[in-house]
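> The structure follows.
Please treat every number below as a calculation from the coordinates, not as lab data. Everything numeric here is computed off the predicted structure, so don't read it as measured data. Note that we place each Cβ from the backbone using ideal geometry, even for glycine, and neighbour counts take in every protein chain shown.
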Amino acid sequence: MVSLSDGSLTEYEGCNCGIHPCKLNGSKFECSCLPGYENINGTCTDIDECKYPGSCPGSGMQCINTVGSYTCTCRAGYYGDNCALVTQSNASQLCGSVHPSAHLVDIKNKATYKTVARYLHPANSYWMGLNDKQQEGTFVYSDGSKVATLYNEWDSGLSTPASNDRTKNCAVIDGNAAFQWRVVPCDNLNLAICELDKVWSK
C-alpha cells in the first residue's frame, strides 16, 4: 500500500492507479482520475480534447493532444496570440519577429514558386514581399529588386498587373486563382509566408 500526502491511496486491494489517487467510493476503492483523464473500465485514460469542437478557438488554431492535456498552436500562415489573419504590414513585421533575416517570401523563379505552392491551400490568399508602395506600377521584392518581366505569375498570364489602382499596392498568391499573383489593398487580411535567408555562422 502506498499513501499520498492527502491520505488517499495509489494502490490498495487491486486498485493500481499509477499517478492517480485511489479513493473509497461506497464499499470499494477505485481510481480518482486527475484532470485530463477519464475512468474507462477502472483505468485512467488520457482524454483526447482535440476530438471536441471548440477546444481551440478560431479557425487559425490547431489542437495538439498531449498526455493529460492539450495545446493550441497556430496553423501555417497564421500568427500572433490569436492566430489571426494579418495585413501586409503586420505580416512583414511578424516575419521579422521570427528571425532578423526573415521576410515575406520573394518568388523569383519557377522552382521556388512550385515549392511554395505545394504547401498552400486553394481556399486562401497569402502575402508575399512583392509590392509597388514606393512607385505606382513598379513592383519590387522585399529586398528592393524589381520583379522580372521574364518570370512572373500574374493573374491571367499578364506580364504586369491588370491595373495600376493606387488603392492596391501589395501582391498575394491567390489560392482561388490557381495560386497566381494578384494585387490587392495592403490592409486586406490574409495569411503570410515567411522566408528565412541563409544565415552563415563563423
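> In which sequence would E136, E153 go, from the one with the fewest C-beta neighbours within 10 Å to the one with the most? Walk me through the numbers before you get to the answer.
Numbers: E136 12, E153 20.
Ascending Cβ contact count within 10 Å gives the list E136, E153.
> Suppose each label sits 7 Å from its Cα in the direction of the beta carbon; what would the L189-Y119 distance come out to in nanometres?
Once both label points are built, they end up 2.4 nm from each other.
> Also, quick follow-up: F179's amide H: which non-local residues (gap 5+, or another chain) put their own amide H closer than 5 Å, with H modeled 1.01 Å from N in plane and none for Pro or chain starts?
The answer is D174.
> What does a probe at T112 reach in the range 127-144, counting residues whose amide N is under 11 Å from the point 7 Å along Cα→Cβ?
From the range 127-144, the list is 129-130, 141-144.
> Moving on. Given H placed on each backbone N at 1.01 Å, which residues far from S32 in sequence or on other chains put an amide H within less than 5 Å of it?
C22, K23
> Further question: Which FRET efficiency value, to the nearest 0.05, do you get for K28 and C72 by plugging their Cβ-Cβ distance into 1/(1 + (r/R0)^6) with R0 = 41 Å? List each step's numbers first, then the result.
Working: r = 38 Å, r/R0 = 0.93.
After rounding, the FRET efficiency stands at 0.60.
> Go through the range 104-116 residue by residue and turn each phi into a ³J(HN,Hα) via Karplus (6.51, -1.76, 1.60, θ = phi - 60°); whole Hz please, and just put x for glycine and proline.
4, 4, 10, 9, 10, 7, 5, 5, 5, 4, 5, 5, 5
> From the phi of every residue in the range 31-41, what ³J(HN,Hα) in whole Hz does the Karplus formula 6.51 cos²θ - 1.76 cosθ + 1.60 yield, where θ is phi - 60° and glycine or proline is x?
Taking θ as phi minus 60°, the curve returns 6, 9, 5, 6, x, x, 10, 9, 7, 10, 6 Hz for the range 31-41.
> Under 5 Å between amide hydrogens, which residues at least 5 positions from C186 or on another chain qualify, with H placed 1.01 Å from N in the peptide plane?
Counting only residues 5 or more places away or on other chains, the set is N169, C170.
> Using only alpha-carbon positions, what ratio does the radius of gyration of the range 88-196 give when scaled by 2.2 N^0.38 Å?
Dividing the Cα radius of gyration by 2.2 N^0.38 Å gives 0.97.
> Related question: Test of the criteria: in the range 78-147, which chymotrypsin sites (Phe, Trp or Tyr not before Pro) are in a DSSP loop and have at most 11 other Cβ atoms within 10 angstrom of their Cβ? List each step's numbers first, then the result.
On the way: sites: Y78, Y79, Y113, Y119, Y126, W127, F139, Y141; in loops: Y78, Y119, F139, Y141.
Passing sites in the range 78-147 are Y119.
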